[in-house]
Amino acid sequence: MGNHITGYGRNDKKADRLFPVSESRSPGHDAQPSGYDVTQYPRFSVTVDVVILTVVDRRLHVLLIERRDPPFAGAWALPGGFKLPTETLDDAAARELGEETGVDVAGHLSQFQSYGDPGRDPRDNVVTVAYLAVVADVGPIRAGDEAVVARLVPVEDVLSGDLAMAFDHCRIVNDAVAAAAERLENSALATAFLGPSFTLSQLQGVYEAVWGDDLDAANFRRSLALSSSDADYVRPTGERASAGHRGGRPAELFEAGSSWADGAPPVRRSRRKRPKKNQ
């Protein structure tokens, strides 16, 4: 069971079929057109920002860094930085992530949106390409030279405005969560939040953490069609989880089956409107 997220950017195999990369070059392809003056066109820089989502204690978390340098020194930000002229966007995302946090999920990074509103970066006219990664465990985290600290932060703390966020990174986190929530309904993304084996409660917890909604446990189990021979979303491993501090029989462990790829994911999001909180 891999953590790779398909359907975004150039990692999408369908996109590769629709837009094949050709190695052929027409005569003069690499030559600058006669009379072309690059200074006559608007100048802008390109950055990459990475949204790493994971579930910790049934709460959705995002990896953030505290910025050391201006602009927004002391504010929280997504790992990222400027793309070098000699590297691809994917290479830039993997490099910046490693330099600023020490986390290596280069094989699981996929583009999900770009941002280029005027004034989003006070230093220059900057377009950023946002990447999404979903992992079961980010592993060891360390702050790089440009970060005071790097750590996992509950997403609700970001979206509530409780944290001072740099640039438009609150908006980017919000869009990333929305993208992940949608992907839960049409891909195997839920399994990317989990290890090779998991309990049904942990799988249900992924949906609840990303959607911000409680699911009925009995209905959730029925949606997996555990008693149906036609469905293969989860398979018993024959093992059980470690005993909890509350005692009782440990929960059964499962692994992802083939139905995640062969059919539509089993769980659908409730479309009912959630009651508004009292002001």
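The values are calculated or read from the model by the stated rules, or taken from the named source; none is laboratory data. These numbers were taken from a predicted model, which means no experiment stands behind them. FYI the Cβ positions are ideal-geometry reconstructions off the backbone, even for glycines, and counts take in every protein chain you see. SASA here: full protein model, heavy atoms, side chains in, ligands and nucleic acids out. Shrake-Rupley method; radii C 1.70, N 1.55, O 1.52, S 1.80 Å.
As a test, work out the antiparallel percent of DSSP beta bridges whose residues both lie in the range 26-176, rounded to the nearest 5. Percent antiparallel among DSSP bridges in the range 26-176 is about 70. Residues Arg222, Arg249, Arg151 ordered from highest to lowest accessible area at a 1.4 Å probe: Arg249, Arg222, Arg151.
When only alpha carbons of the range 97-146 are considered, Rg and Dmax amount to 13.6, 36 Å. Taking amide hydrogens as placed 1.01 Å from N in the peptide plane, the amide H of Val234 sits under 5 Å from those of Gly257, each at least 5 positions away in sequence or on another chain. The 3J(HN,Hα) values that the Karplus relation (6.51, -1.76, 1.60; θ = phi - 60°) gives for the range 70-84 are, in residue order, x, x, 6, 4, x, 8, 8, 8, 6, x, x, x, 6, 6, 7 Hz. Gly and Pro appear as x.
Split the accessible area of the range 150-264 by element, probe 1.4 Å, and carbon with sulfur accounts for 45%.
Taking the highest mean first, how do the peptides 36-42, 251-257 order by number of other beta carbon atoms within 10 angstrom per residue? Don't jump to the answer; show the numbers that get you there.
Details: 36-42: 6.7, 251-257: 18.0.
By packing density, highest mean first, the sequence is 251-257, 36-42.
Taking every protein chain into account, the accessible area of the range 83-212 amounts to 41 square angstrom per residue (probe 1.4 Å).
In order along the range 150-164, the phi-based Karplus estimate (6.51 cos²θ - 1.76 cosθ + 1.60, θ = phi - 60°) of 3J(HN,Hα) comes to 10, 7, 7, 10, x, 4, 4, 5, 6, 6, 7, x, 6, 9, 7 Hz; Gly and Pro are listed as x. Just to verify a number: FRET efficiency for Ser258 and Asp91, C-beta to C-beta distance, R0 = 25 Å, to 0.05? Result of the calculation: an efficiency of 0.15.
Extents of the range 100-198, taken as max minus min of Cα coordinates on every principal axis and listed largest first, are 46, 32, 28 Å. Near Val148: Cβ cut-off under 15 Å, other residues only, Lys/Arg at +1 and Asp/Glu at -1. The net charge is -2.
Share of pairwise Cα-Cα distances greater than 20 Å in the range 62-150 is 35 percent (whole percent). Proximity of backbone amide H atoms, modeled 1.01 Å from N, is registered between Arg240 and Leu253 at under 5 Å, excluding neighbours fewer than 5 places apart on the same chain. Remark: spin-label model distance Asp124-Val38 equals 1.2 nm, labels positioned 7 Å along the Cα→Cβ axis. Using the beta-carbon distance between Arg221 and Glu99 and R0 = 45 Å, what value does 1/(1 + (r/R0)^6) give for FRET efficiency, to the nearest 0.05? Efficiency, rounded to the nearest 0.05: 0.55.
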